[in-house]
Amino acid sequence: MRVFISVGEASGDAYGAVLAREIAAGFDDRAAFEVAMLNLVSLRTPKASKHVPADYEARRVLGRAEAWQILGYDLVDETGPEVERGDDVFLHDCWKLLPVARRSFLDIAAVGGPRLRESGVRMVARSDRWGAVGILNSLAKVPKVMGGIRAAKRELATGEPGVFVPIDFGYANIRLARRAKRLGWKVLYLVPPGSWRRDRQGKDLPAVADIAVTPFPWSAEILQKMGLDARFYGHPIKQTFLEATLEPIERGNGVVVLPGSREAEISANLPVLAVALHGLKVPIEFAFAPGTDADAVLAQWEGPTATAVVGETQKALLRARVAVVCSGTATLEAVLAKTPCTVVYQGSPQMRAEEKLLTRLRLWKRPKFVSLPNILLDRALVPERLDPVDPAAVRRDVDS
């Protein structure tokens, strides 16, 4: 049985690793196994899950504690009416896609990063250095990305088709999903690219996926109207967060800094953060994504003395009094940790020039919010200090 997972970002790598472990665990104790064949005619989309209150869009929260309760509820405690195991956030739909078979082996291959590699899958290509910010930075990454895409296409074309599970990263995964469909693979798209948008979703998705599992209820609704079998069971980040924080962690008085997972983000954010945190008398801890060279980053740091951990973002958030977070999935982790945070995103001169050009050409418009908690609630829950970042404002957030 073949399952092929393809991810780009660090968060997708974490989700893919959980998925790979759960699929493998489901087959470890079976010499022969049977799972349901996907029937695109008779398969019904589940009824609205418990994660979507009837007044979801109308809800407005007053404080951080209430916001955490809503986000904690909406992100995932259960996985919907048709899922048997409470910890299967997104395994259920993949299970339905696997064709009926009786074999003595399971082959899980992946394009991904350190966490997928540690889960024991067969790696086809590494994607943990593909992340880019801005046009020129993205162009510099094209050779690596295209090399990975070619390797993935070879994997798809070799042997019998199975289930292809792309996670986010539309630039590569839309191409690969289209190729997979042509070769007879079933495609389950987890966290479709741009799923956070409330106005539209990717127009290519209905043509390249059999099922989409999205972390946002409005995304599922839009995709269903476009003709795709789209599901919303909540956000997978809650499962990965709970798995990483099973032991109690004592809250301290320090500041945790999550400067981003991309090299360009880290380089742009470090100088302004050094100014903002200058003279701070409490412990400062950097929490980096897996694969980050912590020593190299700390060598660039010109602020107060700091320590660093790699791959322990959730634990670092739980032991901190306050967090300074580059926009991304880490903002949701801060909410789950009940750690007050401020979102910082400093651009480079090159990125500012690109944004100005795209705005003039009407190809870009700065969104209302950039942090996921604010996007989910459609209101300003956490402060967003965006380019050009005011270090004094960041310091006020940290001290408050």
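General observations
- Taking segment 374-400 as the range and being among the hydrophobic types (A, V, I, L, M, F, W, C), assigned to a loop (DSSP other than H, G, I, E, B) and either surrounded by 15 or more Cβ atoms within 10 Å (Cβ to Cβ) or modelled with pLDDT of 90 or more (or both) as the test, the residues that pass are Leu381, Val382, Val389.
- The number of residues in segment 314-333 being assigned to a helix (DSSP H, G or I) and either surrounded by fewer than 19 Cβ atoms within 10 Å (Cβ to Cβ) or in contact (Cβ under 8 Å) with a residue 60 or more places away in the chain (or both) comes to 9.
- Among the residues of segment 353-363, not a single one is at pLDDT below 95, in a loop (DSSP other than H, G, I, E, B), outside the structural domain of Glu118 (by TED's automatic domain parsing) and buried (at least 19 other Cβ atoms within 10 Å of the Cβ).
- Filter result (at pLDDT below 95, more than 16 Å from Ala10 (Cα to Cα) and not in a loop (DSSP other than H, G, I, E, B)) within segment 182-193: Lys186, Val187, Leu188, Tyr189
- Close Cβ contacts (under 6 Å, 6 or more residues apart or on different chains) running from residues in segment 1-20 that are surrounded by fewer than 24 Cβ atoms within 10 Å (Cβ to Cβ) to residues that are assigned to a helix (DSSP H, G or I) and of a type in the set (D, E, K, R) are absent.
- Unmet criterion (only one of (1) at pLDDT below 85; (2) closer than 23 Å to Leu205 by Cα) for Val163: (1)
- Test: residue in segment 264-278 that is in a strand (DSSP E or B), at negative phi and surrounded by 17 or more Cβ atoms within 10 Å (Cβ to Cβ): no
- Which numbered condition Asp293 fails, given (1) buried (at least 18 other Cβ atoms within 10 Å of the Cβ); (2) over 30 Å from Asp199 (Cβ atoms); (3) at pLDDT below 95: (1)
- Residue check for Arg126: more than 30 Å from Thr359 (Cβ to Cβ) and either modelled with pLDDT under 85 or within 18 Å of the chain's Cα centre (by Cα) (or both): yes
- Residue selected from segment 338-352 under the condition in a helix (DSSP H, G or I) and in contact (Cβ under 8 Å) with a residue 24 or more places away in the chain, by the criterion nearest to Thr313 (Cα to Cα): Met351
- Residues located in segment 201-260, provided they are assigned to a loop (DSSP other than H, G, I, E, B), among the β-branched types (Val, Ile, Thr) and surrounded by 22 or more Cβ atoms within 10 Å (Cβ to Cβ): Thr214
The values are calculated or read from the model by the stated rules, or taken from the named source; none is laboratory data. Everything numeric in this text was worked out from a predicted model, so none of it was measured. Methodologically, a virtual Cβ is constructed for each residue, glycine included, from the backbone with ideal geometry; neighbour enumeration extends over all protein chains shown.
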